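**Q** Sharing a structure with you now.
The values are calculated or read from the model by the stated rules, or taken from the named source; none is laboratory data. Please read all numbers here as calculations on a predicted model, not as lab measurements. Reconstructed Cβ throughout: ideal geometry from the backbone, glycine too, with neighbour counts over all protein chains shown. Quick note on the areas: whole protein, heavy atoms, side chains included, nothing else; ligands and nucleic acids left out. Shrake-Rupley method; radii C 1.70, N 1.55, O 1.52, S 1.80 Å.
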Amino acid sequence: MSASVEIDLAPYAARAAQSRGRCHKEVPAQARTDFQRDRDRIVHSTAFRRLEYKTQVFVNHEGDLFRTRLTHSLEVAQIARAIARNLRVNEDLVEAISLAHDLGHTPFGHAGQDALHESMQAYGGFEHNLQSLRVVDELEERYGAFNGLNLTFETREGILKHCSLENARKLGDLGRRFIERRQPSVEAQIANLADEIAYNNHDIDDGLRSGLITLKQIGAIPLFARHTDVVRSEFPDIPDRRLIYETTRRMINTLIVDLISETQRRLIAAAPKSIEDVRSGAALVAFSTTMRTEADELKRFLSEHLYRHFQVMRMTEKARRIVRELFAAFRDEPRLLPIDHRQRVEAEGPRAIADYVAGMTDRYAIREHRRLFSVGDG
Ligand code: MG
């Protein structure tokens, strides 16, 4: 059996056969390319399954219909693949990057990550992108020969979306692009913007369903209003629930189409002939200037009216406290940790506590906090 081939890829696409490879040498898979294999390893990982119980905006137990990090990641992969196919770049690679991009997220979304970053201030801080890389490079324990998932350079490059210069210097080859201000592959750039398309749209949907934002409020945002008008003229009596879906599906489409056409324009102008040309040039994947402005306006709306809504703030404050207190309790008394984590703390210091806390799902963190802080529970 021969490995699947990658057909009809543009010259600037990533090719599994020309990958910069894995840290640990492995025999190639028989029926899959290296990027397909990366994606499959991610789907089978423990961290991926935990995404089901991690918050996007709403804490997991607040409702069964809200997005979790798992469904968010699936939506990112769907959007990214649609864009990749149009631009004739590697769908398997964008899928792998999309599915892995949030693996390092703490419980309770950004509130959890901010709290852990504060707690880790004296020990090098905590960055969720870097943590996603740490999960696939170090923390998954599935193979006899190595720690982590031993993914290809290109998948790891895509997962590490941002990184402080200080940390980039410690990462060797993978960190170099942040120091030299180079770009990642087109596939990584696509996954990055597919993430934004996904969360802007599903946060509107979740925000409206929760009642924290209203149709009237968001009607002031031109990108949303324009698409709602089209839906209402087509279906004058449409119920609100369907109106929201019909609007967001059109918005997702508009954003994807705009992104593809602007990126095509840039690709024609820059004419990269290889992935190396992509890495050394300017950013290629982008929205048009008009769409960028409109998308930013939408982001500002969500930030003001949803992410900083008092009901969300109450939950995020609690989440911050839980993460802060868990970390402090384990740092002050490592014997509170399960034995394997305690041994890691003894060997590696507070970073191992951050790994343990970051790996928790929302509900596990809540329970663990109750077990540690409430007399009578245990
Ligand atoms: Mg994301």
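**Q** Go through the range 308-378 and name the trypsin sites (Lys or Arg not before Pro) that are in a DSSP coil and have 12 or fewer other Cβ atoms within 10 Å of their Cβ.
**A** Loop-located and lightly packed - ARG308.
**Q** For the range 2-313, what log10 I(q)/I(0) values come out of the Debye formula at q = 0.06, 0.07, 0.08, 0.10 1/Å, with one point per alpha carbon and no solvent?
**A** Treating every Cα as an identical point scatterer, log10 I(q)/I(0) equals -0.21, -0.29, -0.38, -0.59.
**Q** Output the pairs from LYS216/LYS318; LYS54/LYS161; LYS170/LYS318; LYS161/LYS216; LYS54/LYS299 with a Cα-Cα distance over 27 Å in this structure; if there are none, say none.
**A** Over 27 Å Cα-Cα: LYS216/LYS318; LYS170/LYS318; LYS161/LYS216.
**Q** Count neighbours as other Cβ atoms within 10 Å of each site's Cβ, and list the trypsin sites (Lys or Arg not before Pro) in the range 191-297 that are DSSP loop with at most 15 such neighbours.
**A** In loop regions of the range 191-297 (DSSP not H, G, I, E or B), the sparsely surrounded trypsin sites (Lys or Arg not before Pro) are LYS273.
**Q** A further question on this structure: How many percent of the accessible area of the chain is carbon or sulfur, using a 1.4 Å probe?
**A** For the chain, the apolar C and S fraction of the accessible surface comes to 50 percent.
**Q** Please list 123-133, 172-182 highest first by mean number of surrounding beta-carbon atoms within 10 Å per residue.
**A** 123-133, 172-182
**Q** In square angstrom, what is the accessible area per residue of the range 2-313 with a 1.4 angstrom probe?
**A** About 45 Å² of surface per residue is accessible.
**Q** Could you pull out the trypsin sites (Lys or Arg not before Pro) across the range 7-54 that fall in loop regions by DSSP (anything but H, G, I, E, B) with no more than 15 other Cβ atoms inside 10 Å?
**A** Qualifying residues, ordered by number: ARG20, LYS25.
**Q** If I stretch the segment between PHE373 and ASN86 completely, what's the gain in nm (0.36 nm per residue apart, minus their alpha carbon distance), one decimal?
**A** Roughly 98.0 nm would be gained on extension.
**Q** Charges at C-beta only: +1 for Lys and Arg, -1 for Asp and Glu. How large is the resulting dipole of the range 2-313 about its Cα centre, in Debye rounded to 20?
**A** 500 debye
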